[in-house]
Structures are given as structure tokens and as C-alpha cells.
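Below: one structure, written as C-alpha cells.
The values are calculated or read from the model by the stated rules, or taken from the named source; none is laboratory data. What you see is a predicted model, and the numbers here were worked out from it, not measured in a lab. Please note: Cβ atoms are built from the backbone with ideal geometry, for glycine as well, and neighbour counts cover all protein chains shown.
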Amino acid sequence: MNDLEKEVLHLIGENVDAPDVFTDNDIGILPIRDSLNDAIEEISLVTGGTKRTFFLLARANQSFYRITGKTDRLAWITDAWLFDQKRRLEATSVAKLKSFNPRWMLNTGPPFSYFQIGWDVVGIWPQPTAGVVVQLDCVVAPKRYDTDGSPIRLREEWKRAAVHYAVSEYWASRGDAKSASSHFQKYLELVGMASLYPYTADKQWQMQTDKRPWPKNTG
Amino acid sequence: MKWVESKRRIRRFLRDPEGKIWDDRLLSLLWNDSQQEINLRSAQLETVAVIAVPPRYGCSYMHDWEYEYAAAFGKPYQCWRQHHAAGMSCSHVWETQPAWGVDSGAALTDLGMVFMHPWEAWYSVGDVQDLVPLPLPEDFGQAQFVAYDKDAIDATTYKDLQSRDESYRTRTGEVQYWFRIDETSNEFYLYPRNSTAEWDDVSGAGQILYDDSGDTDSVDYGVIGDWPPDLGDMDIGAVFDALDADGNVLMVYKKNPTNISGGGDEVLDWPDFLTKYVEFGVLERSYEANTDGRIESLRDYWSMRRQVGEKVLRLLKTKKLVDRNFVMTTHSHVGSRNRQHPRLPDTYPAAR
């Protein structure tokens, strides 16, 4: 039983040292662990706080790749880096590529752009003529922890939020909608749903003249 | 995630582990309803599929009554032509003469080649008189991008095609458009029909569903998944598979979530980290349903959770766009192209 699970048991009135219902084993603690994992996933995605690096082994004459995350699950790509030419790839989209050149799928050469379709398909343009490695930095939904010693990488205030999320679901499972709603409101306040994504909050807004948009690789 | 796992989580919150109030069938119906609503509001599911040309089916049948038996063998195809006025199927139209009382001696003119299965159209030595259908993916919602043999093609309508080309049925050449005849048949057509087809490496004869030279990702509509040889068996990191679009139709589309029938091993369409939002919708509907377990306060709680979940889903879509990186270049950078169509000479007569 990790610290978060103990905190949840404290708040719901269980005896942490000798729990009656949520016993200290994988089966007994599973409902609490499920709720905490759900909270960690949601917080990680909403804040974009958990990032991983995937290496895409792009093959000759192939543009589309389906990614199956075996541990952390891919949410979206934040950056793509082409190793052999030591440069970033530009983000684009299928619609933009078609507008730029209807025959974009036939282009070959060193990749310039990447795009994502849905949650698990990544494409690069143009398709390489030989195998290349593209490093993808991605926001992920972290692997659900399943042991007491598994690391939980969250800020402290978000750990408190995850605890309230789990307590809320406990009360919902007991039929007490009022207590459940109360704890869920605390979760929303601690996560700060109104001002999410710390990178956006760190931006400095300034005035500038109206410049023409710069040309990009794909128009 | 599989349905059995999601059902376990739902039953925890319903406090009905034995299914005495909400049985499995009801939960699967509510799941199908909830996921359709979530997808409609948040448009989360997109995918890309490769549709083999010639198309591949599991089996074929002639009459409508055979469908329920054919579906067990995979995606079925209704072969031959259907003469619905007489409730019969036929290959050549002159076969329908007896239904109209026409003397069999007064034979109709043979109307050229016909095919029983679509792949035969590319073996034909003459003009094929019918449009050759290709199957849309079962979960097809709305197309976003379609390409044939890696060349983008545009959507058109059947009406527009008939207006522009008298010989649209027999026209062959470089594929430029795709179209659907109706919304219910789940088929689409290429125009002009490609005059040659690439036959993938298969063994056996006739319509082959499996490509035995590699792994097949899905048999329903010919998606070919080619696993990297070293990573395919590893249970770590991320496994990639490439989609081969050579000589096939590649389609990027918004997908409709697949209805589950209640089998425990059914894999849900949603990524693991998004299934909980559909579960909230199921719980809301469960507590709303007119059963012994109806509790309005819990219905309202799960309704609140569902609505917050929908807002989170929309927020995630925004985050995907915010986080993109662009590369700045100069005006003289080669690669910028503003015109999509070839430029005509100035002396070319203007369109009237």
C-alpha cells in the first residue's frame, strides 16, 4: 500500500494498519488503485506533464506507422527529431499536405514533416528512401501502476487531487452522491481545470506588428 | 482494454457484481449508446486503413436470406446482379426474360463481360458492364483523405458523375475520384476504374483473404500490417507497424465506435485512458433506467462526471494542436508551393 492509497483510506475512515474492506494486497486494494490510476492518467493528459521519447524506425517508402504503446500510452507528439540530419521535423496534417501537393504520398527524400492521425497513427513526409530514425517526444498517459513500489511522478498538489478523485469514487460506489460530488469538486480545484497546462501559463504576451505568415515546408 | 475489464469497473460503481439489476446485455446496450454519444460530441476516433484493390471478402452469397449464414465466414459479398422485381439473381440481363414472359427465342443482345466477384473485373478481356464495388471499413464515419496507389483522389457524387460522363460505368484509366451510390450499402467505387491491379503476394487461387508473406492486421477490409522483424515480439516500448498503400486505397477517416455484443473478450475501440469517460455515460444511463436500482442523485453525479469528461476530451484535442512545433524558413526556401493545379499558358482560351 503506497502513501496515496493510505491517504485515501484515512479519508474514508478505514483503519490503515488493519483495513476491513480494502486489504493490503493486490485484490483488496484494486478498487482504490483503479481510481488513483484513472486520476493520474487524467491529470497527466490534461496538464501534459508526462512525456516520453519513442524512437520511430522509419522504413524506406513508408509514410504511415501505427504505434502500440506497450507501457506508456501515446497521447500526442510534441516534437520530432531527425537523427541523421540533426534537425527538427515540422508538424503538419493530412489536409494541409493535400492542399500543398495532392501527390505528397509519392514524394521521397529526407523527412521534413510529421503528422498524427487519431491516437495511434504517425506519419512522416516525405517518405524516406532508406531507413531513418526519428525521435518522437510525446505526451503520454503513464503506465498504470500495479505495485506498492511503483513510482508515481506527479506534483504534490496533483497527488492530493488524485486522492480526492479516488475518495469521490469511493463515496459514489457507496451511493453517497453528495460526498462524492464534494470530493470531486476539490479534485477539480486542485488540478485547476480553468488554467491548465503550465507551459501556456508561462508564456509572456507582447504586442507586435502584423507580419506576413512565414513560409513553411508544406506551404 | 477489453469489455470484461470495463464491465468489472462499471459493476463496482453500480454495486451489482452479480448482474441482478443491470444484466450484461443491458450494460452492453448502454455502452454502445454512451460511446456513440461521446464520439459524436468529441469526435475522438480517427484512423487510417488500407483497402486492398482488388477487394477481399470472406465469402460470397446471392440471395438476401443467405446473409445470416454467410456472415459467419467473414465479410460477405453479394455476388451477381439482383433482379429485385422478380426476386432473383442473374449474371446476364437476358436471364430475366422469363420473369417478363419474353419468348426465350428472342434473346437480348449480350451486354459484354460480367463478373461474379469484384476481383474478376481485372481479369476481364472485355468491357465490364458493372461498377466494381470496394468495401468501406465497417467503422467508417466520414472520410478525411483518400488516396489510390499513393495518389490523392477527390470525392464526387454519383449524380455529378452521371452528368459528366455518359460512359462512366466502363471508363478505365488513372483513378481520379471516389464516390458512393448510397449511404447504406457501405461500398464505394473508383472512377475511372483502374485498368490494372497489383496482385499482392498470396498463395492459393481465387480470392485470398490472408497474405501469407507477412502478418495481416485486419481481415475485414484488407489492412495489411507489416511488423518490424525485431520489434514485433518484444513486449517493451512502442511497437510500430507500417501500412502498405502501394496499389491500394488508403483512407483516413473519422470512425464510428464498433458496437459490442457483450462478449468478454471484445476489444474496445477506445484507447485505455479514455474508456472511463464512456463508463461514466453508462453509469449515468444505468441509474436513469427504470429499474429497481434507479437513484436520481447518483444519476446526476455520473452525469456531471460525463460532462466533465467530454470537456476534458475536447481539451485534449486542443492540446494536440497547441504542442506542435513549426520550423521557420526563408522565402527562398525550396519546397513552398502555393498552386495545386498546373498553370495554363496565358493564351489558353478562357472557360465559358
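So which of B:Asp233, B:Asp217 ends up being modelled with pLDDT under 50 and not in a loop (DSSP other than H, G, I, E, B)? It would help to see each step written out before you state the result.
Working: B:Asp233 fails: not in a loop (DSSP other than H, G, I, E, B).
B:Asp217 is the lone residue from the list that is modelled with pLDDT under 50 and not in a loop (DSSP other than H, G, I, E, B).
Collect the residues in segment A:142-178 that are surrounded by fewer than 18 Cβ atoms within 10 Å (Cβ to Cβ), within 10 Å of chain B (Cβ to nearest Cβ) and part of a helix (DSSP H, G or I), keeping them in residue-number order.
The answer is A:Ser173, A:Lys178.
Applying the selection to segment A:82-109, what residues are touching a Ser or Thr at 6+ places or on another chain (Cβ under 9 Å) and farther than 23 Å from B:Tyr148 by Cα?
Selection gives A:Leu89, A:Glu90, A:Ala91.
B:Lys2 fails exactly one of the following numbered conditions: (1) over 27 Å from A:Lys143 (Cα atoms); (2) modelled with pLDDT under 90. What is the number of that condition?
Of (1) over 27 Å from A:Lys143 (Cα atoms); (2) modelled with pLDDT under 90, only one is false for B:Lys2: (1).
Being under 34 Å from the mean Cα position of the chain (by Cα), assigned to a loop (DSSP other than H, G, I, E, B), at pLDDT below 90 and surrounded by 13 or more Cβ atoms within 10 Å (Cβ to Cβ) is the requirement here; does B:Asn325 meet it? Lay out the reasoning, then the answer.
Values: under 34 Å from the mean Cα position of the chain (by Cα): yes; assigned to a loop (DSSP other than H, G, I, E, B): yes; at pLDDT below 90: yes; surrounded by 13 or more Cβ atoms within 10 Å (Cβ to Cβ): yes.
Yes: the conditions hold for B:Asn325.
Filter segment B:119-153 for residues that are within 28 Å of B:Thr258 (Cβ to Cβ) and acidic (Asp, Glu) and give the result.
Residues satisfying the conditions are B:Glu138, B:Asp139.
Does at least one position in segment A:95-103 carry a residue that is closer than 23 Å to B:Leu313 by Cα and facing chain B (nearest Cβ under 9 Å)? So that I can check it myself, show each step before the final result.
Here is the first cut: in segment A:95-103, the ones closer than 23 Å to B:Leu313 by Cα are A:95.
Still in the list and also facing chain B (nearest Cβ under 9 Å): A:95.
Among the residues of segment A:95-103, at least one is closer than 23 Å to B:Leu313 by Cα and facing chain B (nearest Cβ under 9 Å), which makes the answer yes.
Just the residues that are closer than 23 Å to A:Ala141 by Cβ, more than 12 Å from chain A (Cβ to nearest Cβ) and part of a helix (DSSP H, G or I), please, taken from segment B:256-305.
B:Val278, B:Gly281, B:Val282
Inside segment A:1-23, can you point out the residues that are outside any helix (DSSP H, G or I) and under 13 Å from A:Ala162 (Cβ atoms)? Quick ask: steps written out before the conclusion?
Going residue by residue through segment A:1-23, those that are outside any helix (DSSP H, G or I) are A:1-2, A:13-23.
If the condition is that a residue be outside any helix (DSSP H, G or I) and under 13 Å from A:Ala162 (Cβ atoms), then A:Asn2 is the only one that fits.
Let's see how each residue does on (1) surrounded by fewer than 18 Cβ atoms within 10 Å (Cβ to Cβ); (2) in contact (Cβ under 8 Å) with a residue 40 or more places away in the chain; (3) under 26 Å from B:Ala49 (Cα atoms); (4) aliphatic (A, V, I, L, M):
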{"position": "B:Pro118", "(1), (2), (3), (4)": "no, yes, yes, no"}
{"position": "B:Asp130", "(1), (2), (3), (4)": "yes, yes, yes, no"}
{"position": "B:Pro133", "(1), (2), (3), (4)": "no, yes, yes, no"}
{"position": "B:Val146", "(1), (2), (3), (4)": "no, yes, yes, yes"}
{"position": "B:Thr156", "(1), (2), (3), (4)": "yes, no, yes, no"}
{"position": "B:Lys159", "(1), (2), (3), (4)": "yes, no, no, no"}
{"position": "B:Ser163", "(1), (2), (3), (4)": "yes, no, no, no"}
{"position": "B:Glu166", "(1), (2), (3), (4)": "yes, no, no, no"}
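Out of segment A:81-119, which residues are surrounded by 19 or more Cβ atoms within 10 Å (Cβ to Cβ) and within 16 Å of the chain's Cα centre (by Cα)?
Answer for segment A:81-119, where residues must be surrounded by 19 or more Cβ atoms within 10 Å (Cβ to Cβ) and within 16 Å of the chain's Cα centre (by Cα): A:Gln116, A:Ile117, A:Trp119.
Pairs under 6 Å by beta carbon, first residue closer than 13 Å to B:Gly293 by Cα in segment B:4-25, partner small (Gly, Ala, Ser), six or more apart or different chains?
Cβ pairs passing all conditions: B:Phe13/A:Ala172; B:Phe13/A:Ser173; B:Leu14/B:Ser286; B:Ile21/B:Gly293; B:Trp22/B:Ser286.
If I ask for residues that are assigned to a strand (DSSP E or B), closer than 16 Å to B:Asn256 by Cα and more than 10 Å from chain A (Cβ to nearest Cβ), which ones from segment B:133-165 would you list?
B:Pro135, B:Phe140, B:Gly141, B:Gln142, B:Ala143
What is the residue count in segment B:50-88 for residues that are surrounded by 14 or more Cβ atoms within 10 Å (Cβ to Cβ) and either touching a residue at least 24 places away in the same chain (Cβ under 8 Å) or of a type outside the set (Ser, Thr, Tyr) (or both)?
Residues of segment B:50-88 surrounded by 14 or more Cβ atoms within 10 Å (Cβ to Cβ): B:50-62, B:66, B:70, B:74-83, B:88.
The next check asks that each one be either touching a residue at least 24 places away in the same chain (Cβ under 8 Å) or of a type outside the set (Ser, Thr, Tyr) (or both); those that pass are B:50-60, B:62, B:66, B:70, B:74-83, B:88.
Looking only at that region, the number is 25.
Within segment B:13-99, considering only strands (runs of 3 or more DSSP E) that don't extend past its boundaries, which have at least 3 residues that are in contact with a helix residue (DSSP H, G or I) (Cβ under 8 Å, 6 or more places away or on another chain)?
Details: elements: B:46-51, B:59-61, B:76-78, B:81-83, B:88-90.
Qualifying strands (runs of 3 or more DSSP E): B:59-61, B:76-78.
Kindly provide the set of residues from segment A:24-70 that are more than 7 Å from chain B (Cβ to nearest Cβ), β-branched (Val, Ile, Thr) and touching a residue at least 24 places away in the same chain (Cβ under 8 Å), ordered by number. Walk me through it before giving the result.
Taking segment A:24-70 as the starting set, the residues that turn out to be more than 7 Å from chain B (Cβ to nearest Cβ) are A:24-30, A:32-33, A:35-37, A:39-40, A:43-44, A:47, A:49-53, A:55, A:58, A:60-61, A:63.
This time we only want the ones that are β-branched (Val, Ile, Thr), so: A:27, A:29, A:32, A:40, A:43, A:47, A:50, A:53.
Hits for segment A:24-70 are A:Ile29, A:Ile32, A:Ile40, A:Ile43, A:Thr47, A:Thr50, A:Thr53.
Consider A:Gly131 carefully, then state whether it is modelled with pLDDT of 90 or more and in contact with a Leu (Cβ under 8 Å, 6 or more places away or on another chain). Write out each step before concluding.
Numbers: modelled with pLDDT of 90 or more: no; in contact with a Leu (Cβ under 8 Å, 6 or more places away or on another chain): yes.
For A:Gly131, the condition - modelled with pLDDT of 90 or more and in contact with a Leu (Cβ under 8 Å, 6 or more places away or on another chain) - is not met.
For segment B:140-199, which residues satisfy the criterion of being more than 17 Å from the chain's Cα centre (by Cα) and polar (S, T, N, Q)?
Matches in segment B:140-199: B:Thr156, B:Thr157, B:Gln162, B:Ser163, B:Ser167, B:Thr170, B:Thr172, B:Gln176, B:Asn194, B:Ser195, B:Thr196.
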